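The values are calculated or read from the model by the stated rules, or taken from the named source; none is laboratory data. Just so it is clear, the model here is predicted, and its values are computed rather than measured. Counting neighbours? That spans all protein chains shown, and the Cβs are built from the backbone with ideal geometry, glycine included.
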Amino acid sequence: MTKEEIVNTLYKQTGMKKEETKVLVDGFLTVVAEALKEGKRIDFRGFGHFEVKIRKPRKGRIPGTGKEIDIPERAVPVFQASDLLKEAVDKEYKSNNFTQPE
């Protein structure tokens, strides 16, 4: 599902103007991104949470040459689904209403 599809779905569900809905979605994504840049955790009870994890430095290899390289430490945003969301998705999958993305 794309951002545009999310905007269209919310536009139809809320009765807001489409441009207002787009501004709201863009604003929400900006708030989430800014909070993650500050190292904050974002919780959505019953849905999941976003947080920043620190990946330790490690050795890697270039597949084509086999040359060993150093991969530096870095911060990455991650999402962890709540148990409620996991159960809801699994229930929908088991009821055969689940459509696998192509």
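Yes or no, residue by residue, for (1) more than 24 Å from Val7 (Cβ to Cβ); (2) within 13 Å of the chain's Cα centre (by Cα); (3) surrounded by 11 or more Cβ atoms within 10 Å (Cβ to Cβ); (4) of a type in the set (Asp, Glu):
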position	(1), (2), (3), (4)
Lys40	yes, no, yes, no
Phe47	no, yes, yes, no
Val52	yes, yes, yes, no
Glu73	yes, no, no, yes
Phe79	no, yes, yes, no
Lys91	yes, no, yes, no
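Return the residues of region 72-100 that are part of a loop (DSSP other than H, G, I, E, B) and either farther than 27 Å from Lys37 by Cα or touching a Cys at 6+ places or on another chain (Cβ under 6 Å) (or both); say none if nothing qualifies.
Scanning region 72-100 gives Ser95, Asn96, Asn97, Phe98, Thr99, Gln100.
Condition check: modelled with pLDDT of 95 or more and part of a helix (DSSP H, G or I). Does Val32 satisfy that? Working first, answer last.
Working: modelled with pLDDT of 95 or more: yes; part of a helix (DSSP H, G or I): yes.
When the stated conditions are applied, Val32 passes them.
With modelled with pLDDT under 95 and outside the structural domain of Met1 (by TED's automatic domain parsing) as the only criterion, which of Val76, Val89 stands out?
Values: Val76 fails: modelled with pLDDT under 95.
After applying the criteria, what remains is Val89.
Looking only at region 30-55, which residues are without any contact (Cβ under 8 Å) to a residue 24 or more places away in the chain and in contact with a Lys or Arg (Cβ under 9 Å, 6 or more places away or on another chain)?
Of everything in region 30-55, those that are without any contact (Cβ under 8 Å) to a residue 24 or more places away in the chain and in contact with a Lys or Arg (Cβ under 9 Å, 6 or more places away or on another chain) turn out to be Glu34, Ala35, Ile54, Arg55.
Collect the residues in region 1-19 that are within 16 Å of Leu29 (Cα to Cα) and not in a helix (DSSP H, G or I), keeping them in residue-number order.
Met1, Thr2
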